[in-house]
Amino acid sequence: MRPLRPLLSALLVCLSAGLCVMAAQNKPLPPTTQSDRTDHALYMATHDDVAQTAITLTRQHGWTSIMQALAQGRPEAARIVATVLPQTDAHTAQTLEHTMQVILPRQPATVLSATEPNSQKAGSTQTVCSPAGMSTTWRKQAEQAVTAVHDIRLSTRTQICLHTLKNPLRGA
């Protein structure tokens, strides 16, 4: 047993050094297989090509879990949508915009943070806040919810959204 002590000591030193090196890395470790798809999509969006992430999410039906996370008010889902939505195909963009419309009355701040203030881009605030095709009840609930958003970082989007909700034909 005595000859194994130096070997065990060396093994512990190497293990400790390896853990220190891993902890000192500047980038986060990739998510484990037990983490959810939203964490994995966020990792892909920040460390891989955004266009490739959009394709992967579409092919693997990954947008469903992202939209569920957005509906739960998870800010990381809003970051994923804001980053990746402009790179999606037209059909996927329309589907995601409609889903964001449905979620807007329940999670206005999260949805607004996922939108794009520029009305020419996919996921624009104006498109998501448009009451076209939505019920009068939805419009009223959305207007009340957006009025309650007081985040200074979202002030421009909030104003665009309220203007669009109140004046759907004129737009922002």
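The values are calculated or read from the model by the stated rules, or taken from the named source; none is laboratory data. All values reported here derive from a predicted model rather than from experimental measurement. FYI the Cβ positions are ideal-geometry reconstructions off the backbone, even for glycines, and counts take in every protein chain you see. Note: areas computed on protein heavy atoms with side chains; ligands, DNA, RNA excluded. Shrake-Rupley method; radii C 1.70, N 1.55, O 1.52, S 1.80 Å.
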Calculate the all-directions average of the projected area of segment 89-135's alpha-carbon convex hull, and give it in nm².
-> 3.1
Summarise the accessible area of segment 33-166 (1.4 Å probe, protein heavy atoms) by the percent that is carbon and sulfur.
-> 50
Per residue solvent-accessible surface (Å²) - segment 33-166, probe of 1.4 Å = 51
Using the Karplus equation 6.51 cos²θ - 1.76 cosθ + 1.60 (θ = phi - 60°), what ³J(HN,Hα) coupling, rounded to whole Hz, does each residue of segment 156-163 give in order, writing x for Gly and Pro?
-> 5, 5, 4, 5, 4, 5, 4, 4
Please list the non-local residues whose amide H lies under 5 Å from the amide H of E116, H modeled 1.01 Å from N, same-chain partners needing a gap of 5 or more.
-> S124, T125
How far apart, in nm, are the 7 Å Cα→Cβ label points at Q72 and T137?
-> 2.7
Note, segment 61-77: 3J(HN,Hα) by Karplus (6.51, -1.76, 1.60, θ = phi - 60°), whole Hz, Gly/Pro = x, goes 6, x, 5, 4, 5, 5, 5, 5, 5, 5, 5, 7, x, 7, x, 5, 5
Can you pull a Stokes-Einstein diffusion coefficient for segment 33-166 at 20 °C (1.002 mPa s), Rh from Kirkwood over Cα pairs, as a whole number of µm²/s?
-> 146
